[in-house]
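The values are calculated or read from the model by the stated rules, or taken from the named source; none is laboratory data. Values in this document were obtained by computation on a predicted structure and should not be read as measured data. Virtual Cβ from ideal backbone geometry, glycine too; neighbours counted across all protein chains shown. All accessible areas refer to the heavy atoms of the entire protein, side chains included, with ligands and DNA or RNA removed. Shrake-Rupley method; radii C 1.70, N 1.55, O 1.52, S 1.80 Å.
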Amino acid sequence: MPPTLANGKVCYLEIPALDVERSAAFYTEIFGWQTRRRGDGQLAFDDTTGEVSGTWVTGRTASPEPGLLVYIMIDDAAAAVEAVTAHGGEIVQPIGADAPEITARFRDPGGNIIGLYQEPSD
């Protein structure tokens, strides 16, 4: 199914990376993102919904402090935190800091701070 095309939709991310292959492996292993080579040879990704795509870029400063903060939706926050640390990321805000929301924040291999968000169950 093709992605939704709508005015105002967030659709593309450029994620600073020190090592594109390492960052791609990190996001693929933890979140199941699919990678592909674009026509220009750059490594790109599509999220699990096929609604958001992007690429990793070198030569750009990472976002080591939360400013604009992107959250990735996950099924199980505790399992995601374990996976982040197992794959070389660092938890910088543990689960519970935004209670009652189920969130955490991590630093990826490129030094970026990214959020995790688990939808509360009924």
How big is the accessible area of residue 71 in square angstrom, nearest 10, if you roll a 1.4 angstrom probe over the protein chains? 90 Å²
Antiparallel bridges, percent of DSSP beta bridges restricted to the chain (to nearest 5): 65 percent
Rolling a 1.4 Å sphere over the protein heavy atoms, what is the accessible area per residue of the stretch 1-103, to the nearest Å²? 63 Å²
So what is the 222 nm mean residue ellipticity for the chain from helices alone, if each DSSP H run of at least 4 adds -39500 (n - 2.57) and you divide by all residues, rounding to the nearest 500 deg cm²/dmol? -5500 deg cm²/dmol
Longest site-free stretch - the chain; sites: trypsin sites (Lys or Arg not before Pro), DSSP loop, at most 11 other Cβ within 10 Å: 39-122
With a 1.4 Å probe and every protein chain kept in, tell me what percent of the accessible surface of the stretch 5-122 is carbon plus sulfur. 51 percent
If r is the Cβ-Cβ distance from residue 40 to residue 18 and R0 is 25 Å, what FRET efficiency results, to the nearest 0.05? 0.75
If you stretched the chain out fully between residue 91 and residue 49, how much longer would it get, using 0.36 nm times the residue separation minus the C-alpha to C-alpha distance? 12.6 nm
Sequence of 28, 55, 61 when ordered by accessible area, the most exposed leading, probe 1.4 angstrom: 61, 28, 55
Heavy-atom accessible area of residue 85 with all protein chains present, probe 1.4 Å, nearest 10 Å²? 80 Å²
Please compute the contact order of the chain in relative form: average sequence separation of alpha-carbon pairs under 8 Å and at least six residues apart, divided by the residue count, as a percent. 26 percent
Rounded to the nearest 10, the angle in degrees between the Cα long axis of helix 20-31 and the longest principal axis of the Cα atoms of the chain comes to 50 degrees
